[in-house]
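Heads up: the structure comes next, in structure tokens.
The values are calculated or read from the model by the stated rules, or taken from the named source; none is laboratory data. Keep in mind the model is a prediction, meaning the values are calculated, not measured. Cβ atoms come from the backbone with ideal geometry, glycine included; neighbour counts cover every protein chain shown.
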Amino acid sequence: MAKNIITGIDAGTSTIKVIVAEQKKNGQIEILGTGKKISHGIRKGYVANYEDAAETIKSAIESAEKMADVPIKHAYVTVGGIILGSVRSKGLVMISRADGEVAEYDVKRVISQAEENLNNVSNRRVINAFPINFKIDGNLTFGKPVGMKGEKLEAEVLFITCLNQHLMDLIRAVESSGVAVDDVVASPLAASFVALNKHQKEVGCVLANIGAGTVSIMVFEEGKPISLEVFPIGSTHITNDIALGLQITLEEAEKIKIGYGSKSNHSKRRLSDIIEARLKDIFELIESHLKKINRNGLLPAGIILTGGGSSLLTLYEIAKASLHLPATVGSPEHIKDKIVFRKQTRENILSNPEWSVALGLCVMKFKEEKKEGAYGINLQGKFILQTAKSVKKWFGQFLP
């Protein structure tokens, strides 16, 4: 009997991370192996040097493959950085059945119509799509529209897009290792399956993934993502600021940043001023976006921080003061009992937020397989409903 094994690849600016996981009969996810390599050839989420990127990805895959002791032939890949974007669009169709009852076919049609109505998406490809709300004859519905009756079905949909050329470069870099890419997923969406729990998504929150070259945020309400934004600033900028401010090498600056809060030969006050100034810049950008979508100060679960840069001391305190929202570092507590490790896995990825994207990708894909259906995008960019048996199953897929 074939094992239910999934490989997730997070090709970040700082490191390439690969996780090989197996879902057991009892529902637990066993981490079979991991691979982690310093990233070369990737800048702010896109492939800047194809040969270097391909070699680094291959090395990380081989490390995970060796530890897991299983061949890696297929993988899911996350897409992040400045190539990501999001846009909302609306669609409207006439209900097809003579009795006016909404069928799954109508839901697929109205979402496809919303995609056709997208503007300003030249050179971009849709990779994920999420219905935000449905209306029947102008009246907002709550829950699934299938089975309700009317004449017209409307939908407002959030489409996550990425630059097509950069997406193809990343896929080509992965497949040069002999690994087929089965699907691509936005990095902040993948991270949400580890960093956020059901209650946070329901009441409203913003997930901020602080990477080396970028900060990506995704806003959730009523269990669904409603907005995504990426800013071209990350924890590497803090390292650069420390190097310039203290007139030291980048290597020394990185060590000081990682050890922020411990003893240092440099002025603690000066170091704090440098780090906090850059962090405030980041949270000003987040606040500006929340104002743009009318959610500033209106997300009860606040801001949840994840990614490699989220381990900085005082980060959540600055976030809280800047955004006037509750702030915390994302915790995998809600999935902790579902994750087990083989003895040879050397790193406890649950305690390290920089693994949240790769681990979240595996958790997400296992959830999709278990529910036997999820809205998704194939690599030709055409919206499809993958093996869906009912729209009802889709509404629960983003809840832990």
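Scanning segment 176-201 for residues that are surrounded by fewer than 21 Cβ atoms within 10 Å (Cβ to Cβ) and out of contact with any strand residue (DSSP E or B) (no Cβ under 8 Å at 6 or more places or on another chain) yields S176, S177, G178, N197, K198, H199. Of all residues in segment 79-96, exactly one satisfies the criterion of being over 30 Å from T13 (Cβ atoms) and among the hydroxyl-bearing types (S, T, Y), namely S96. Within segment 120-144, the set of residues being assigned to a loop (DSSP other than H, G, I, E, B) and either free of Cβ contacts under 8 Å to residues at least 12 places away in the same chain or surrounded by 15 or more Cβ atoms within 10 Å (Cβ to Cβ) (or both) comprises V121, S122, T141, F142, K144.
In the set (1) without any contact (Cβ under 8 Å) to a residue 40 or more places away in the chain; (2) over 17 Å from R342 (Cα atoms), G35 fails one condition alone, (2).
Within segment 327-385, if we keep just the residues that are of a type in the set (S, T, N, Q) and over 22 Å from K17 (Cβ atoms), the residue that is modelled with the highest pLDDT turns out to be T328. Among all residues of segment 256-270, there is at least one that is within 27 Å of the chain's Cα centre (by Cα) and either under 12 Å from A212 (Cα atoms) or of a type in the set (D, E, K, R) (or both). Going through (1) within 25 Å of G143 (Cβ to Cβ); (2) at pLDDT 60 or above; (3) not assigned by TED's automatic domain parsing to the domain that holds D69 one by one, K392 falls short only on (2). Applying the set (1) free of Cβ contacts under 8 Å to residues at least 12 places away in the same chain; (2) in contact with a His (Cβ under 9 Å, 6 or more places away or on another chain); (3) of a type in the set (G, A, S) to G45 leaves exactly one unmet item: (1).
Pick out, from segment 200-292, the helices (runs of 4 or more DSSP H) lying fully within it that include 3 or more residues that are under 26 Å from L359 (Cβ atoms) and hydroxyl-bearing (S, T, Y).
Result: 235-246.
When L32 is tested against (1) touching a strand residue (DSSP E or B) at 6+ places or on another chain (Cβ under 8 Å); (2) crowded, with 17+ Cβ neighbours inside 10 Å; (3) within 25 Å of P188 (Cβ to Cβ), only condition (3) is not met. Residue count for segment 295-324 satisfying the condition of being over 17 Å from G211 (Cβ atoms), in a loop (DSSP other than H, G, I, E, B) and touching a Phe, Trp or Tyr at 6+ places or on another chain (Cβ under 9 Å): 4. For segment 254-266, the criterion of a residue being on the phi > 0 side of the Ramachandran plot, loosely packed, with under 14 Cβ neighbours inside 10 Å and not small (G, A, S) is satisfied by no position.
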